[in-house]
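The structure appears right after this line, and notes come after that.
The values are calculated or read from the model by the stated rules, or taken from the named source; none is laboratory data. Because the structure is predicted, anything quoted here is derived from the model rather than measured. Ideal geometry is used to build each Cβ from the backbone, glycine not excepted, and the neighbour counts take in all protein chains shown. The area values use the complete protein model at the heavy-atom level, side chains included, leaving out ligands, DNA and RNA. Shrake-Rupley method; radii C 1.70, N 1.55, O 1.52, S 1.80 Å.
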Amino acid sequence: MRRVLILGAAGRDFHNFNLIFRDKPEFEVVAFTANQIPQIAGRHYPPELAGGLYPRGIPIIEENEMEETIRRELVDIVVFSYSDVRHDTVMHLASRAVGSGADFWLLSSERTQLKASVPVVSVCAVRTGCGKSPVSRRVASELKSLGWTPVIIRHPMPYGDLVAQRCQRFATLADLDRYKCTIEEREEYEPHINAGTIVYAGVDYQDIMHAAQQDGDVILWDGGNNDTPFYRPDLHIVVLDPHRPGHELSYYPGEVNFRTADVLIINKVDTANPDAVDTVRHNIALHNPKAQVIETACRVTIADPESIAGKRVLVIEDGPTLTHGEMPYGAGVVAADRYHAAKVVDPRPYAVGSIKQTFVKFPHLGKVLPAMGYSETQRHELQQTIERVSCDVVLVATPIDLARTIHIDKPTVRVCYEVEEVGYPTIRELMQQFTERHERVPVGAGSSHA
């Protein structure tokens with residue numbers, strides 16, 4: 001028996017365990033570690049999910065306890081299992097593990113992919129905040145217009161009751177409340193639900209695949225956090241961000257996505273520096289010249305430009321894009337500049353609790369407020385921070401109606417952003433080619449196998 005420690009962030013780590021280590025007596029997983037997401041450590045991966053070899057479940061501990069755990073538990077193998085991480089950070093972790101006496105594993109993408117019985121389109125990215133979500137929505141829309149019924153399977157964000165979240169199905173906005181979704185989850189699920197597309201997510205992605213195949217004739221893997229797909233894709237689309245040129249070659253596992261993509265979408269070409277766009281094009285030519293390349297603008301709009309012209313605005317942006325995505329700003333700042341806001345108010349002096357701690361942890365953040373809401377307490381602290389800011393308008397650049405989740409005591413204006421092709425080929429042409437190559441299985445007729 002080889003003793004294993006899995007480094008994770010409440011998502012990919014659980015998936016790797018389920019596929020590679022669960023019900024395998026030759027391995028004993030002594031613990032998961034936690035990073036990136038607050039309030040994950042101190043819990044257990046429950047026995048209902050861990051299987052018969054773990055009647056007490058598996059503890060989840062802080063990542064900074066890695067060396068001590070390796071030595072105390074006589075760990076043989078440390079398995080790295082989270083994403084959107086700098087290459088040097090991965091190797092520092094590897095050095096710490098090896099220096100403590102354990103091997104260090106990176107599991108291959110193919111080894112951790114399930115095979116569906118319906119076609120799979122995956123939409124992933126090389127970093128958090130590249131614009132993957134609007135690309136995913138656009139792909140779903142084009143598939144529908146071509147007569148197909150996509151079902152979304154979203155990258156995991158199981159931050160609550162893991163047993164209850166084993167296989168989640170979201171068909172209405174009421175399902176978001178029923179599953180007590182965090183702001184981060186709502187940002188990803190709500191736009192698909194509003195478009196009439198069913199979304200699945202959770203913990204056990206084999207169970208999720210079995211259920212999802214009954215709701216659609218094509219699976220659209222909506223990846224997150226620059227992770228690789230959990231399902232073997234028939235078409236692998238990867239989004240790049242020229243605002244961060246070179247990141248496609250310097251983050252794990254984003255570089256894996258970059259090198260294995262069938263289609264590379266260079267997004268935000270309308271706002272990026274032309275030299276940076278050229279850098280990304282050059283890297284594609286060197287490292288994935290066989291990929292089909294699409295270039296898109298990220299069109300940022302608001303319904304009533306006059307509502308922010310000349311006003312003092314508080315900008316709220318998508319949380320993960322700003323935090324571990326390392327973007328200093330997002331679509332909200334672009335909208336404030338484009339529609340002539342008088343001033344973007346700095347929220348940092350008004351931040352409270354965990355929101356204040358977020359600014360300390362991510363010093364690159366500027367005059368923007370990340371929509372952090374991983375718990376009820378944190379959502380309340382976000383609300384308190386907004387209430388303390390002196391401004392005329394709150395400019396909400398999250399993918400959801402934030403006012404449905406927290407009370408905002410000031411006028412709000414929502415920012416919308418969608419991808420728009422610059423030249424050819426187009427996403428519709430891409431989807432036409434895909435549907436012509438695959439035979440439709442009637443909805444509900446698909447069988448499943450791993």
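Some points to look at:
- Close contacts from the stretch 50-72, counting a first residue that is within 15 Å of ASN18 (Cα to Cα) and a second that is of a type in the set (Asp, Glu) and exposed (fewer than 12 other Cβ atoms within 10 Å of the Cβ), with Cβ to Cβ under 6 Å and a gap of 6+ residues or different chains, come to GLY51/ASP23.
- Figure legend. Inter-residue proximity from the stretch 195-207: first residues farther than 10 Å from ALA171 by Cα and β-branched (Val, Ile, Thr), second residues open to solvent by 60 Å² or more (accessible area, probe 1.4 Å) and outside any strand (DSSP E or B), beta-carbon distance below 7 Å, spacing 6+ or different chains. Indicated pairs: VAL203/ARG166.
- Residues being closer than 18 Å to GLU255 by Cβ, over 26 Å from the mean Cα position of the chain (by Cα) and hydroxyl-bearing (Ser, Thr, Tyr) - total across the stretch 274-318: 0
- Residue match in the stretch 236-255 (condition: assigned to a loop (DSSP other than H, G, I, E, B), farther than 14 Å from ARG127 by Cβ and either in contact with a Phe, Trp or Tyr (Cβ under 8 Å, 6 or more places away or on another chain) or at pLDDT 95 or above (or both)): no
- The stretch 404-437, residues that are open to solvent by 30 Å² or more (accessible area, probe 1.4 Å), under 22 Å from the mean Cα position of the chain (by Cα) and not polar (S, T, N, Q): ARG404, ARG414, CYS416, TYR417, GLU418, GLU420
- Residue in the stretch 408-425 that is at pLDDT below 95, of a type in the set (Phe, Trp, Tyr) and out of contact with any helix residue (DSSP H, G or I) (no Cβ under 7 Å at 6 or more places or on another chain) present: yes
- Scanning the stretch 169-186 for residues that are closer than 24 Å to GLN113 by Cα and either surrounded by 23 or more Cβ atoms within 10 Å (Cβ to Cβ) or free of Cβ contacts under 8 Å to residues at least 24 places away in the same chain (or both) gives PHE170, GLU185.
- Within the stretch 337-365, residues that are open to solvent by 90 Å² or more (accessible area, probe 1.4 Å) reach partners that are assigned to a helix (DSSP H, G or I) and aromatic (Phe, Trp, Tyr) with beta carbons closer than 7 Å, at six or more positions or on different chains, in the pairs ARG348/PHE359.
- Filter result (part of a loop (DSSP other than H, G, I, E, B) and touching a residue at least 60 places away in the same chain (Cβ under 8 Å)) within the stretch 262-276: ASN267, LYS268, VAL269, ASP270, THR271
- Every condition in (1) under 24 Å from the mean Cα position of the chain (by Cα); (2) modelled with pLDDT of 95 or more is met by THR271 except one, and the failing one is (2).
- Members of the stretch 142-162 found to be at pLDDT below 95 and out of contact with any strand residue (DSSP E or B) (no Cβ under 9 Å at 6 or more places or on another chain), listed by number: TYR159, GLY160, ASP161
- Screening the stretch 187-215 for residues that are open to solvent by less than 40 Å² (accessible area, probe 1.4 Å) and among the small types (Gly, Ala, Ser) and picking the one that is farthest from the chain's Cα centre (by Cα) gives ALA211.
- Hits in the stretch 383-403 (condition: in a helix (DSSP H, G or I), over 21 Å from the mean Cα position of the chain (by Cα) and aliphatic (A, V, I, L, M)): ILE386, ALA403
- Exactly one residue out of ARG299, ARG259, ARG232, ARG244 is of a type outside the set (S, T, N, Q) and touching a His at 6+ places or on another chain (Cβ under 7 Å), and it is ARG259.
- Members of the stretch 264-276 that are open to solvent by 50 Å² or more (accessible area, probe 1.4 Å) and in contact with a strand residue (DSSP E or B) (Cβ under 8 Å, 6 or more places away or on another chain): ASP270, THR271
- Residues (in contact with a Pro (Cβ under 7 Å, 6 or more places away or on another chain) and free of Cβ contacts under 8 Å to residues at least 60 places away in the same chain) located in the stretch 372-417: THR385
- Helices (runs of 4 or more DSSP H) contained in the stretch 1-89 and holding at least 3 residues open to solvent by less than 10 Å² (accessible area, probe 1.4 Å): 12-16, 66-72
- All positions within the stretch 90-100 that are open to solvent by less than 60 Å² (accessible area, probe 1.4 Å) and among the small types (Gly, Ala, Ser): ALA94, ALA97, SER100
- Options THR301, THR377; residue that is β-branched (Val, Ile, Thr), under 19 Å from ILE408 (Cα atoms) and surrounded by fewer than 16 Cβ atoms within 10 Å (Cβ to Cβ): THR377
- Any chance ALA397 is small (Gly, Ala, Ser), open to solvent by 30 Å² or more (accessible area, probe 1.4 Å) and modelled with pLDDT under 90: no
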